[in-house]
Amino acid sequence: MRRKPIRFSSADPEGLWGDVLGERPLGGRTRAARRLVAVVIWTLLAIPIQALLLLLPGRAHANFARAYHRTLCWLIGLRIQVVGEACRDRPVLFVSNHSSWLDVLVLGATLDASFVAKHEVGTWPIIRTVARLGRSVFVSRTRTGTRGEADAIRERLRAGDNLILFPEGTTSDGGRVLPFRSAFLSVADSATRVQPVSVVFDRLGGLPACRRDRPLFAWYGDTDIFTHFWRLARRSNARATIVLHAPLDPAEWNDRKALAAACAQVVADSCAVLRQNRAATPQPAPLPPAPRPTAANLSSREA
C-alpha cells in the first residue's frame, strides 16, 4: 500500500549512513536530522538556565537537570520504564552497569544525583559544559588515579549529594556486565546507602530488542558519538528499562571487593532477565559475608 516503499541498495556505503539491519539509503534520515537539531537547540537553551540556577539557593538546579535529561530522551524518541524506587536516605551512591552515553540520559532523567565521569569527558566540546553544569565529578579510570581523587568524591557525599558511579570503568557491548572494580567503591564508606541499578535498552521500533539491535544502543570501541547518535536517531520507539534494587548498608561490608562483587552480581542477574525480554523485579539486598574466624576467637571458644 506504500506509494514509495523503502528501497534497499547494495551501493550505499557503510559508515555514516550504514545500518546494522540492512542498507536503507533514505530510511529515517529526516527523523534523525530533526532530532539532532532539536537536541542542539534544547541544549543551547538549557545551558544558561542551569548556569543561573546554580547561583541560586535551593535545589532548583537539580530539578532542572532531571528535566533537561527527560526532555533529551523525549526528543530522541527514547522512553523510560522504571522498576523499583530510589533510596531517599541521602547521600546515596548509585552503582550501575554502563554500555552507552545513553545511560547518562536515562539515569539523569530518573535519579536525583550527579555523575562520576571519566576525566576525558571534561575535554569534550559542549559535553564538558553540560557535565560541569550538572556538577559531575571527573576522575581517572585508572586504579591509582581513582585513589588520588577519592577525596573529592567523599567530600561530595559528605555534603549530602547523591552520586552515580559506573564501576565497570568502561562501556560494554550491551550483552554482558563487566566485573565491577573494587577501587571505585573505596568511597562507599562515605555514603549512607549503596544502591545497585540495572539499565537495559529493551525495546526498538516498539518490539523487543534482540542481540542484533544491541550495536544501536551500546557505544564502545572506536565508534564516534555523532555516528552512534545518527544511527540510533533514525529509529523510532526505543525504550530503556531501569531497575532500582534494594540498597545496601556499606557499614556492614568491611571488604570492598566483596561489596563490588555483590553489587555486580545483582546488576548482572537483572540485566540478563531484561535481555531475555522478561519482566524484572528489584532484587533484595545481598547479605554481607560472614566474618572469618580469628585466632583470638578460636582460642576463646576452646576455653
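Can you name the residue in region 238-269 that is charged (D, E, K, R) and closer than 29 Å to ASP213 by Cα and, of all such residues, is surrounded by the fewest Cβ atoms within 10 Å (Cβ to Cβ)?
Result: ASP269.
Could you list, in sequence order, all residues of region 158-171 that are surrounded by fewer than 21 Cβ atoms within 10 Å (Cβ to Cβ) and within 17 Å of ALA117 (Cβ to Cβ)? Can you show your working first?
Of all residues in region 158-171, those surrounded by fewer than 21 Cβ atoms within 10 Å (Cβ to Cβ) come to 158-161, 169-171.
Those that are surrounded by fewer than 21 Cβ atoms within 10 Å (Cβ to Cβ) and within 17 Å of ALA117 (Cβ to Cβ): ASP161, GLY169, THR170, THR171.
Could you say which residue among ARG275, ARG235, ARG256 is under 21 Å from GLN81 (Cα atoms), charged (D, E, K, R) and touching a helix residue (DSSP H, G or I) at 6+ places or on another chain (Cβ under 7 Å)?
Values: ARG275 fails: touching a helix residue (DSSP H, G or I) at 6+ places or on another chain (Cβ under 7 Å); ARG256 fails: under 21 Å from GLN81 (Cα atoms).
The match here is ARG235.
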Members of region 245-281 found to be over 16 Å from ASP202 (Cβ atoms) and under 20 Å from the mean Cα position of the chain (by Cα), listed by number: HIS245, ALA246, PRO247, LEU248, LEU259, ALA260, ALA261, ALA262, CYS263, ALA264, GLN265, VAL266
Every residue from region 127-157 that is modelled with pLDDT of 85 or more and loosely packed, with under 13 Cβ neighbours inside 10 Å: ASP151
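Counting only residues that are assigned to a loop (DSSP other than H, G, I, E, B) and touching a Gly at 6+ places or on another chain (Cβ under 9 Å), which one in region 239-269 is farthest from LEU107 (Cα to Cα)?
Our first condition is that a residue be assigned to a loop (DSSP other than H, G, I, E, B); within region 239-269, this holds for 245-247, 249, 253-255.
Next cut, touching a Gly at 6+ places or on another chain (Cβ under 9 Å) only: 245-246.
Details: HIS245: 14, ALA246: 17 Å.
Only one residue tops the list, namely ALA246.
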Complete set of residues in region 183-208 that are in contact (Cβ under 8 Å) with a residue 60 or more places away in the chain and either in a loop (DSSP other than H, G, I, E, B) or not hydrophobic (A, V, I, L, M, F, W, C) (or both): SER186, ASP189, SER190, ALA191, THR192, ARG193, GLN195, PRO196, SER198, ASP202, ARG203, PRO208
Any chance ARG90 is within 30 Å of PHE184 (Cβ to Cβ), surrounded by 15 or more Cβ atoms within 10 Å (Cβ to Cβ) and at pLDDT below 95: yes
Region 125-134: number of residues that are without any contact (Cβ under 8 Å) to a residue 60 or more places away in the chain and either more than 24 Å from ALA60 (Cα to Cα) or in contact with a strand residue (DSSP E or B) (Cβ under 8 Å, 6 or more places away or on another chain) (or both): 2
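Residues that are farther than 21 Å from PHE201 by Cβ and more than 17 Å from the chain's Cα centre (by Cα): does region 102-114 have at least one? Full working, then the answer.
Filtering region 102-114 down to residues farther than 21 Å from PHE201 by Cβ leaves 112, 114.
Right, trim to more than 17 Å from the chain's Cα centre (by Cα) and you get none.
Checked region 102-114: no residue is farther than 21 Å from PHE201 by Cβ and more than 17 Å from the chain's Cα centre (by Cα).
The values are calculated or read from the model by the stated rules, or taken from the named source; none is laboratory data. Small disclaimer: the values here were computed from a predicted structure and weren't measured. Note that each Cβ is placed from the backbone with ideal geometry, even for glycine, and that neighbours are counted across all protein chains shown.
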